[in-house]
């Protein structure tokens, strides 16, 4: 045990004990679903049966509701309904997990439980390589027991999953469909201050990306303008448009409508017919640049407008301080809310606010999960960033701000607040029609069509 682990073993129980009373009094706290004593919960990391009990491990941030230094929480159950919280199982204590003990799994073999996890540094890259090596072995063993697959579907958790999928498809003599959820390495170049397109490593990654697109029998992108990217790279002669398919993120309309009906939020601003409700839901972090929304709110002229912000993050306290210090009376921070309550909130908006800081990648389309909740809400939508292939504009479900400056955003809000009920209802109806096109059931049918298409070739 090193000094870091020793200190964390003292701090975590202290934080849990200090937060226990507040957590117990929270009316929204889960009663059946597994939930940590305090803080943040994310990926399940190893669900298994050991010594007559169900064991659940999960990413756990006891110090920060937005994650922070990640540990592995641990709970056990005999019936999957009643859970007993046990002490943290894994503490970060090695150089490679300086940012936390990340995802992994649990394996029970010959009466012994083994835990495997990754850090968030070089070791994580090594883990990607390890996955690439081992997935092919696992696939061969599975095929030996159950027969070879009809089609390989590889999704880009990271690029090596696509490489492994293509190689497995060749080994089995079947087709491979590659789902590209992020542009690698283009995203690295856009978001990183360290790497440029001239970097030798980046050049190598571009070559690998081109190889994946050439070798895949079909490509599925979440960006509508993905083929524009291929043309920009000069690869269109080797990668035909017929190979490229577009299937965005979406929404489960049935679940959305159920949650809207059964998980209602009581809020005085939402219930006030005199308030023109502009709603933002999502993270409140530095990268989200919500300071722009506060600046825009100060420029809004319509006294009925109120910006209601649901969410949490490490920037929330500073922004709330700005609201108080600058007397921004038309902005209210509502705090974090469980996902199941979001439909009740966004469905009562007069205007749902899709906010993001512009990046060059928006030239190829957008796929924010919250956008599809906004569509399902059936209310007008404002995007405060320029974007090609913007479904809000395509469907006539709202408008976008081409120049995301506070005065411009405020002017558009004022304009939308002055529209007639009929005009805003028309936008809302268009939003709901968009949601129907992005319903998971329709998206599933599109994916099945792609898979069947390659299997018939």
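Coordinate-derived values only; no laboratory data. This structure is a prediction, so every number in the text was calculated from the model and none was measured. Don't worry about glycine lacking a Cβ; one is built from the backbone with ideal geometry, like all the others, and counts go over all protein chains shown.
Remark: the Cα gyration tensor places the range 253-438 in the rounded category, a/c being less than 1.5.
Quick one: Debye curve from the alpha-carbon atoms of the range 217-295 only, equal weights, vacuum; give me log10 I(q)/I(0) at q = 0.13, 0.20, 0.26 Å⁻¹ to two decimals. Once normalised to I(0) and log-transformed, intensities are -0.78, -1.00, -1.16.
In the chain, the C-alpha radius of gyration followed by the widest Cα-Cα span (Dmax) gives 24.3, 70 angstrom.
Can you tell me which of 275-283, 441-449 comes out highest on packing, and rank the rest after it, using the mean Cβ neighbours within 10 Å?
On the way: 275-283: 22.0, 441-449: 13.0.
Order by mean packing, descending: 275-283, 441-449.
Considering helices alone, the calculated mean residue ellipticity of the chain at 222 nm is -12500 deg cm²/dmol, with DSSP H runs of length four and up weighted by -39500 (n - 2.57) and normalised per residue.
Protection proxy ranking for 261-268, 20-27, 180-187, using the average of other Cβ atoms within 10 Å per residue and placing the highest first: 180-187, 261-268, 20-27.
I need the shape label for the range 367-457. Rule: rounded when a/c is under 1.5, else prolate if a/b > b/c, else oblate, with a, b, c from the alpha carbon gyration tensor. Taking the square roots of the gyration eigenvalues as a ≥ b ≥ c, the range 367-457 is prolate.
Based on the mean of other beta carbon atoms within 10 Å per residue, what is the order of 403-412, 343-352, 420-429, 169-178, most packed first?
343-352, 169-178, 403-412, 420-429
Based on Cα contacts under 8 Å between residues 6+ apart, the range 253-438 shows a relative contact order of 24 percent. How high is the FRET efficiency between residue 338 and residue 452 when r is their beta carbon distance and R₀ equals 35 Å, given to the nearest 0.05? Rounded to the nearest 0.05, the efficiency is 0.40.
Which order do 361, 201 fall in if you start with the one that has the fewest other Cβ atoms within 10 Å?
Numbers: 361 19, 201 10.
The order, fewest Cβ neighbours first, is 201, 361.
Comparing Cα centroids, the range 332-389 and the range 125-196 end up 31 angstrom apart.
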